[in-house]
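**Q** Can you keep this structure in mind? I'll have questions shortly.
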Amino acid sequence: MSQYESTLPRVGYMAFPFRITENGAAQVARFDHIRQQVEQVLFTSPGERVFRPEYGFGARQHVFEPNAVGLWELAQNRLYGALSEALAGEVDPKTIRVDIGAPPDQPEVLMVQISYTIAALAREETHRFEVT
């Protein structure tokens, strides 16, 4: 726990996917909420949300693109832009790092690693996703 984390008020964030418990809407801590936002951006395809047609990256669509470094760089830039917009205010956009590639022995798998620093807490988080 960082020195800043203990001074922030404890706030519950609505969990995703949404679900109801006996106490109302399921809630998660701030770090889990930010991770869930990252997952939503990663797996939501642009055009999927009616009122935010530009929202999302559509990782599952990228699995079927040719396995080439040039396309990975383009995908990294798209994902960086989508994350910067979606996480504004929570994450310092200068700290977002996106790496996309495929393991040499599994070209059909898209590996995505996302790192960022939570602005208010100066806490770095890294998440890895395997998209098939």
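The values are calculated or read from the model by the stated rules, or taken from the named source; none is laboratory data. Since the model is a prediction, treat every value here as computed from it, not as a measurement. We place every Cβ from the backbone using ideal geometry, glycine too, and count neighbours over all the protein chains shown.
Condition check ((1) at pLDDT 90 or above; (2) within 22 Å of P17 (Cα to Cα); (3) polar (S, T, N, Q)) across all residues:
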{"site": "G56", "(1), (2), (3)": "yes, yes, no"}
{"site": "L74", "(1), (2), (3)": "yes, no, no"}
{"site": "Y80", "(1), (2), (3)": "yes, no, no"}
{"site": "E90", "(1), (2), (3)": "yes, yes, no"}
{"site": "I100", "(1), (2), (3)": "yes, no, no"}
{"site": "P104", "(1), (2), (3)": "no, no, no"}
{"site": "I114", "(1), (2), (3)": "yes, yes, no"}
{"site": "E124", "(1), (2), (3)": "yes, no, no"}
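**Q** Count, please, the residues in the range 24-54 that happen to be at pLDDT below 95, within 26 Å of L121 (Cβ to Cβ) and surrounded by fewer than 16 Cβ atoms within 10 Å (Cβ to Cβ).
**A** 7
**Q** While we're here: Could you tell me which numbered condition S84 fails, if it satisfies all but one of (1) out of contact with any strand residue (DSSP E or B) (no Cβ under 7 Å at 6 or more places or on another chain); (2) modelled with pLDDT under 95?
**A** Checking S84 against (1) out of contact with any strand residue (DSSP E or B) (no Cβ under 7 Å at 6 or more places or on another chain); (2) modelled with pLDDT under 95, the one that fails is (2).
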